[in-house]
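Only one structure is covered here, and it is reproduced in the block below.
The values are calculated or read from the model by the stated rules, or taken from the named source; none is laboratory data. Worth saying up front: this structure is predicted, and the values here are computed from it rather than measured. Note that we place each Cβ from the backbone using ideal geometry, even for glycine, and neighbour counts take in every protein chain shown.
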Amino acid sequence: MKKYYSIKLIGGKKSKLKDGSSPVGLVVRKAGNRKIIFLGISAFPEQWNDEFQLYAVDKRNTNLHPDREKNNSWLSGVKKRCNKIIEEYEEKKIDWTLRQFEQKYLNKSKHTGVRDYFLKHIEKLERAGKIGNKKAYENTLYMLELFDPMFHRLMFNDVDLKYISDFDEYLSIERGAANNTIKYYIKTFRSLLNKAIKDGEASEVNYPFGKNGYSISSLEQETEKRYLPNVYIEKLKDAELKSHTMQWVSNLFLFSYFCQGMSFIDVAFLTKDNILVFEGGKYIAYRRQKTESKNSKIIRIKITDKIQQLLDWFSQNTTLVENYITPCITIEGYKGEQLYNHIRDRYRKYNKHLKTLGETLGFEGIRLSSYMSRHSYAMRLKNSGIPEDVISEALGHKDLLTTKIYLDSFQKDEIAKANELL
């Protein structure tokens, strides 16, 4: 590939900065013409290596630039970006101009405001109806603005390892946040940063994550995953509950359990359109809200007699609105954020009633909650000797590793049983 550019100190009295240093420029040449793109950094002649077109690093030099390593890393990225642009032009056989090159290069290295990009992404998520994700970015933006009074002036190039580490320290010390809460905010921020790099709004030069960067995995805290022993599941199935509230709560929990541990949000969104007929009978077919995308798995659950009985009970004993087949959504016409908030409110009430139900049925040492249906289903399959890849498929996990980690979290009870034999 022909070399069309070089990185140089731009000489001349008019070019020198107030401190006497010279700006570093990207000089692009073509057809006897040249274009200088100033890179926003500078050096004195003794701090520059013309041969390598980088800052001098020879320690025998007593005038080395204090940011030489950081700046050289960034300049290496500039060279890679230039090579990529030229390769693209050559592959597409484009007879490009200096102006075209400049526009394409600057497009890839814009100093975009982080807050503005946050707001645009939040607006995009709202238009797409992804309210849960929107809330995560809104919450993270709010926390960043509390942490950094000058956040409205923050550029993506300012987001480096120190900035993320300081944000972690603020969340931990000043906010008293647990590791999982810190992970929630920083993981969301990382996701936004990755999107900005992909969109060409940010550079990878100061990327604070990855190798030798900030480790989100170090924040992992094992959350206690509890499941109902089979004897309690059977007790729940056979319970004669006088309270209508306790009955629909019990039936909703069992429906989730029989439907392969389906989450509350997925149960809530089920409509008659999710019921399909295939060879062998009727099925519920859906994509998990948690991982919903074009590439996410479609989960098919055969409607057994037990599931059909529960659907019939919902139809006959609760008020179902619109096209929904479960009583999770109770008000017609809600859309977007209004619907999201309604479901969250119903979810909180559901868990409150589940706690009461567990106490009513005498579930000792267990606080019954919505997640237990999924945990209990997974553990029932595991104890029945079902292969992990089948369990993974049933749970709708993207990969087997997720399932292994999920199942391993239940091993404490198995260890406890083993200890009793000592």
GLY12: passes all of (1) assigned to a strand (DSSP E or B); (2) at positive phi but (1)
Within the range 305-345, the residues that are aliphatic (A, V, I, L, M) and outside any helix (DSSP H, G or I) are LEU320, VAL321, ILE325, ILE329, ILE331
Cβ pairs under 9 Å, 6+ apart or interchain, first in the range 1-18 and without any contact (Cβ under 8 Å) to a residue 24 or more places away in the chain, second of a type in the set (Ser, Thr, Tyr), ordered by first then second residue, are GLY11/SER22; GLY12/SER22; SER15/SER22; LYS16/SER22; LYS16/SER42
Those residues of the range 237-251 that are of a type outside the set (Ser, Thr, Tyr), in contact with a helix residue (DSSP H, G or I) (Cβ under 8 Å, 6 or more places away or on another chain) and either part of a loop (DSSP other than H, G, I, E, B) or surrounded by fewer than 17 Cβ atoms within 10 Å (Cβ to Cβ) (or both) come to a total of 4
The residue that is farthest from TRP74 (Cα to Cα), considering only those in the range 166-196 that are in contact (Cβ under 8 Å) with a residue 40 or more places away in the chain and aliphatic (A, V, I, L, M), is ALA178
Checking LEU98, LEU119, LEU64 in turn, the sole residue that is of a type outside the set (Val, Ile, Thr) and more than 22 Å from ILE10 (Cα to Cα) turns out to be LEU119
Out of (1) part of a loop (DSSP other than H, G, I, E, B); (2) touching a Phe, Trp or Tyr at 6+ places or on another chain (Cβ under 7 Å); (3) more than 18 Å from TYR347 (Cβ to Cβ), the one LEU276 does not meet is (1)
Picked from the range 263-287 (must be closer than 16 Å to LEU311 by Cβ and of a type in the set (A, V, I, L, M)), the residue surrounded by the most Cβ atoms within 10 Å (Cβ to Cβ) is VAL267
Checked PHE101, PHE118 against criteria (part of a helix (DSSP H, G or I) and in contact with a Cys (Cβ under 9 Å, 6 or more places away or on another chain)); the one match is PHE101
Every listed condition ((1) without any contact (Cβ under 8 Å) to a residue 24 or more places away in the chain; (2) under 20 Å from ILE343 (Cβ atoms)) holds for ASP312 save (2)
Just one listed residue, out of ILE197, ILE182, is part of a helix (DSSP H, G or I), within 14 Å of the chain's Cα centre (by Cα) and surrounded by 14 or more Cβ atoms within 10 Å (Cβ to Cβ), and it is ILE182
Per the filter on the range 75-125, residues at pLDDT below 90, within 29 Å of SER42 (Cα to Cα) and among the aromatic types (Phe, Trp, Tyr) are TRP96, PHE101, TYR105
